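One structure is given below, encoded as structure tokens.
The values are calculated or read from the model by the stated rules, or taken from the named source; none is laboratory data. Remember, predicted model here, so these are calculated numbers, not experimental data. Virtual Cβ from ideal backbone geometry, glycine too; neighbours counted across all protein chains shown.
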Amino acid sequence: MVVASRALPAPPELAGRWEAVLEEGGRRPRILELADRYPEERSLEVPFGEIDGPDTPLADLLLERPEEVLTAGRTGLRGLIPVAGPETEGLRLRIVGLPPTAHRLIRMIRESDLNRFLALDGIVRKTSEVRPQIKDAVFLCLACGTEIHEVQEDGAISFREPIECPVAQGGCGKPASRTRFRLLPERSTYIDAQRIEIQENPETLRGGAHPQGLAVLLTEDLTGRVLPGNRVVVNGVLKSQQRATPSRTGMVRSTTFDLMVLGNSLEYKQQEYDEIALTEEEERLILSFRGDPTIVDKIVLSLAPTIKGLEEEKEAIALQLFGGVEKRHPDGIRVRGDIHVLLVGDPGVAKSQLLRNVADIAPRGIYTSGKGATAAGLTAAAVKDDFAGGRWTLEAGMLVLADGGIAIVDELDKMTPEDRSAMHEVLEQQTVSIAKAGITATLNARCPVLAAANPKWGRFTPDRTISEQIDLPPTLLSRFDVIYSIQDHPQEERDRFLAGQILLSHQEGEAREVTFGYAPLVATAGAPFSPDLLKKYIAYARRHVRPVLSNEALRTLEDFYVRVRKQGEEPDAPVPITARQLEALVRLSEAAAKARLSPVVSVEDAARAIRIVEGFLKRVSTSDGKLDIDLVSTGVSHSQRERMEILHGLMRSLQDAKGGTFTLEELKAEAERQGVASKNVDALFHSLRNQGEVMETRPGRWQLVRF
């Protein structure tokens, strides 16, 4: 059904109604202030409700015929200025807070929305440079010497030139075929213009749908205010442009049109997760869990409930979803509150399934696999395309688009070292610095990273330390707050339990597909939270709860840190933990308090954080029965480093005594006398050979390359 558009009132009547609306809203003092401060400030923001209340028909007309109504609004705005000088022509009306009926998903835009006032929620994916755009082009007719004006259309890509010298402007009336027109750039009028592209929010996509984008033209004081990764609401008029492709005979015009929004105003997402709406009933239900001592355990049970046997890992991931509290110190130093988690495990332990589930539950989760990720795709790329007239533009990558959410990277070990190195800055500084194609910028990537990888040789082996089998550089490993190694050891009792749970989940899945012909099933323990409620619970906690450390929790963390560090005071003892692990303890404690909706971090929260950190350190950072943080931070344990120094000394002495070379058997015999086991000599010698520190000068004879 086609609805006929209502007739538009006369412009003077519309301007008078605008004056009444602005006067009733108490906007006159602000308008006078704008007139005094022009051109530093030139825009008056008016909430839509301020128009809809006193004059509903005018508000309806604004949505249906925005260009004419906004033009009348600018006239009404100038009418409230007692002495309207030339500067008042530059004052603009910016309408914000459009009603739900005007909000559209980018993929749901249809032809009926053309030329209407819409609000589009999305994430900025691409931005061009701010450049002057000609608004009123002045031409000189070479036949009669008359200056004529040719006003350009808003958002037009092609430049419009005069087809004749108009008599109405004092010209000779000759057509373009009988005269020539010369552009006078110094006499023409320009405005600042910037093209951006917004994309659907990743968390709104389901089923692997490709996110759709839409071009937006920003002008005047709206330019230069957004960066890739910003989440915004663009309010503007939806316009169409005909596609055209060049050919030998000229431009071939298509019957298909492209869409563009002429931006009127921008609204920024100031509050975390404010795109997730909660009803009053849902908010009451969430608040009813406050004070529940078992709430964290309930959240863990609700995280991928069909995956059994990864309770410790799920607990760390659950706290990661809530995150700690970001701090900004007076000296400008920023301390991140986000928690980074790495899972390294044998094949078939459901790492990828767990990550997929987290991507669905997280309020802003973006998932990618290391096999299909590059450094540019993760961070940002400088691309040259027609979007900005052939100029270089900045295009946000996955980690920038995840700003404010959670980035999930599977198969981290399958990425090339060059691509993987792009994550170093993101993990610690949570920014992406770009210096490409003449563009220098720093983009925000404030998101926790949940990553998964396989061991170096496909599966963990008992004859090597776990840290040796994690095929990731120590500089990257040290930036993760929690690292879990997941080993698949056959164990009858555990295997029977897991097999029963897996088979039961398959049987229940089959029963949902085909409901008849099956015997009644034994109900399994359900998850306390549904995925939708858990997502809203996390969003509410991250939006409203900012816990602070209690004195008791602070002392608990301090006592643990000092007690563990004291182990390193013994002679020749390794350094057990560093200040990085202390910061991880604080973040995990704050996350546990957030999960409880508590404004204060309790001793129980601190104890939970200590248990998680102790658990992962015992798995990946233990050497000879002692905690050794060097295994993670440098890749070489304290004992390995000592044995390496002994081995270096032995090789030097053997070279001096044996004419400059030595055999491996001679080295092992000397090492045995120094208390270094033969198997350790093999491993260390193999490492030195791979690093190029020893060379085989002739068969069976070796020599140190560097002394």
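Can you tell me which of Lys308, Lys298, Lys314 is in contact with a Leu (Cβ under 7 Å, 6 or more places away or on another chain), of a type outside the set (Gly, Ala, Ser) and not in a loop (DSSP other than H, G, I, E, B)?
Details: Lys308 fails: not in a loop (DSSP other than H, G, I, E, B); Lys298 fails: in contact with a Leu (Cβ under 7 Å, 6 or more places away or on another chain).
None of the other options fit; the residue is Lys314.
Condition check ((1) at pLDDT below 90; (2) of a type in the set (Ser, Thr, Tyr); (3) in contact with a strand residue (DSSP E or B) (Cβ under 9 Å, 6 or more places away or on another chain)) across all residues:
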position: Thr204; (1), (2), (3): yes, yes, yes
position: Gly208; (1), (2), (3): yes, no, no
position: Thr223; (1), (2), (3): yes, yes, yes
position: Asn230; (1), (2), (3): yes, no, yes
position: Arg243; (1), (2), (3): yes, no, yes
position: Thr255; (1), (2), (3): yes, yes, yes
position: Leu259; (1), (2), (3): yes, no, yes
position: Lys269; (1), (2), (3): yes, no, yes
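Of the residues Ile198, Ile191, only one is closer than 25 Å to Leu394 by Cβ, modelled with pLDDT of 90 or more and part of a strand (DSSP E or B); which?
Values: Ile191 fails: modelled with pLDDT of 90 or more.
Answer to the selection: Ile198.
Name the residue that is nearest to Leu217 (Cα to Cα), counting only residues in the stretch 162-196 that are of a type in the set (D, E, K, R) and crowded, with 17+ Cβ neighbours inside 10 Å. Spell out how you get there, then give the answer.
Residues of the stretch 162-196 of a type in the set (D, E, K, R): 164, 174, 178, 180, 182, 186-187, 192, 195.
After this cut, where a residue has to be crowded, with 17+ Cβ neighbours inside 10 Å as well, the list is 164, 195.
Numbers: Glu164: 30, Arg195: 5 Å.
So the residue we want is Arg195.
Restricting attention to the stretch 600-614, does a residue exist that is buried (at least 21 other Cβ atoms within 10 Å of the Cβ), among the small types (Gly, Ala, Ser) and not assigned by TED's automatic domain parsing to the domain that holds Asp338?
Within the stretch 600-614, one or more residues are buried (at least 21 other Cβ atoms within 10 Å of the Cβ), among the small types (Gly, Ala, Ser) and not assigned by TED's automatic domain parsing to the domain that holds Asp338.
Among the residues of the stretch 492-507, is there at least one that is modelled with pLDDT of 70 or more, of a type in the set (Lys, Arg) and not in a loop (DSSP other than H, G, I, E, B)?
Looking through the stretch 492-507, at least one residue is modelled with pLDDT of 70 or more, of a type in the set (Lys, Arg) and not in a loop (DSSP other than H, G, I, E, B).
Would you mention how many residues in the stretch 71-126 are more than 19 Å from Asp258 (Cα to Cα), of a type in the set (A, V, I, L, M) and in a loop (DSSP other than H, G, I, E, B)?
Adding up the residues that qualify gives 6.
Residue check: is Ala277 at pLDDT below 80 and in a strand (DSSP E or B)?
Values: at pLDDT below 80: yes; in a strand (DSSP E or B): no.
For Ala277, the condition - at pLDDT below 80 and in a strand (DSSP E or B) - is not met.
Residue check, Thr75 against (1) assigned by TED's automatic domain parsing to the domain that holds Val21; (2) closer than 16 Å to Ala193 by Cα; (3) of a type in the set (S, T, N, Q), all met but one. Which one?
So Thr75 meets the others, but not (2).
Pull out all pairs, ordered by first then second residue, where Cβ-Cβ is under 6 Å, the residues are six or more apart or on different chains, the first lies in the stretch 69-83 and is free of Cβ contacts under 8 Å to residues at least 24 places away in the same chain, and the second is assigned to a loop (DSSP other than H, G, I, E, B).
Arg78/Ala84
Scan the stretch 290-306 residue by residue and report those that are over 18 Å from Asp360 (Cα atoms) and among the hydroxyl-bearing types (Ser, Thr, Tyr).
Scanning the stretch 290-306 gives a single hit, Thr294.
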